[in-house]
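These notes concern the structure reproduced below.
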Amino acid sequence: MLGELTREQIDHLLHSEVVGRIGCHAEGRTYVVPVNYAYDGEFLYGHAADGMKLQMLRVSPEVCFEVDHRTGLSDWQSVIAWGTFEELQGDEATRAMELLLDRLLPLLVSEGVAATRDKARETLTVAAPVERLAIYRIRLHECTGRFEKSA
Ligand SMILES: Cc1cc2nc3c(=O)[nH]c(=O)nc-3n(C[C@H](O)[C@H](O)[C@H](O)COP(=O)(O)OP(=O)(O)OC[C@H]3O[C@@H](n4cnc5c(N)ncnc54)[C@H](O)[C@@H]3O)c2cc1C
């Protein structure tokens, strides 16, 4: 059975997943990139080192973001959201990084990657020192959700 997710189910999926795909488009080129994120019920938060994704998002901040959970080929839930990329500075960036750590630390611990918050921070910032890392949020404007459930 195919169907549409309710707003509550959309929020649940965004809260429970940690990997999404940012679709960006700038200067005639489209780029879809997997990233980790945290969701606070209003914004998606992420971090990125300098590179193609960040350059495109700075030129053209309107994004499409996709998240899914799949337990089988005909058993899945998926959310597609449109929003605006906003780079954060100062206290807002610190708060966003802490939110990301809160969300990812239990997973990093359970996977044996990091036992402490400091170690988790190091793991998250492996691509660049924290001061050269862009911390961003995506302000969501529109979300749709679909699912398929096998009988
Ligand atoms: C599950 C998962 C979670 C991730 N979480 C994050 C995150 O939270 N933050 C973050 O910054 N990055 C994350 N990454 C890595 C991310 O997907 C990019 O590889 C990375 O951010 C570099 O992107 P960039 O545009 O700066 O690439 P650049 O270093 O500028 O390189 C651009 C070139 O590399 C290719 N390329 C870049 N990334 C990929 C890729 N993933 N697969 C294949 N080709 C690629 C592009 O096609 C392009 O040709 C994650 C990856 C995965 C799989």
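The values are calculated or read from the model by the stated rules, or taken from the named source; none is laboratory data. Bear in mind the structure is a predicted one, so any value in this text is a computation, not a measurement. When we count neighbours, we look across all protein chains shown, and the Cβ atoms used for this are built from the backbone with ideal geometry, even at glycine. Each accessible area value is taken on the protein alone, full model and side chains, heavy atoms only, with ligands, DNA and RNA left out. Shrake-Rupley method; radii C 1.70, N 1.55, O 1.52, S 1.80 Å.
Worth a mention:
- Helix-derived mean residue ellipticity, 222 nm - over the chain, DSSP H n ≥ 4, -39500 (n - 2.57), to 500: -9500 deg cm²/dmol
- Given their separation in residues at 0.36 nm each and the Cα-Cα distance between them, Arg29 and Asp91 gain 19.0 nm when the chain is fully extended.
- Summed side-chain charge close to Ala81 - residues other than Ala81 whose Cβ falls under 13 Å, Lys, Arg +1, Asp, Glu -1: -2
- Span from the region 15-34 Cα centroid across to the region 70-106 one, whole angstrom: 12
- Per-residue packing, averaged as other Cβ atoms within 10 Å, sorts the ranges 134-147, 15-28 into the order 134-147, 15-28, beginning with the highest.
- Percent carbon-and-sulfur accessible area, the chain, ignoring ligands, DNA and RNA, probe 1.4 Å: 53
- Cβ-Cβ distance of Asp75 and Leu107, R₀ of 35 Å, FRET efficiency by 1/(1 + (r/R0)^6): the value works out to about 0.95.
- Computed from Cα atoms, the angle from the helix 90-110 axis to the main principal axis of the chain rounds to 60 degrees.
- Simple Cβ-charge dipole of region 1-91, Lys/Arg +1 and Asp/Glu -1, about Cα centre, in debye nearest 20: 380
- A crude spin-label estimate for the pair Glu66 and Glu42, with each label 7 Å from Cα along the Cβ direction, gives 2.9 nm.
- Solvent-accessible area per residue, Å², over the chain with all protein chains present [probe radius 1.4 Å]: 57
- Selection from Ala26, Leu140, Val67, by position along the positive dipole direction of the chain (Cβ): Ala26
- Helix 7-16 axis, angle to the chain major axis (alpha carbon atoms, nearest 10°): 40
- Extended-chain gain in nm, criterion 0.36 nm per residue less alpha-carbon gap, Leu2 and Arg58: 16.5 nm
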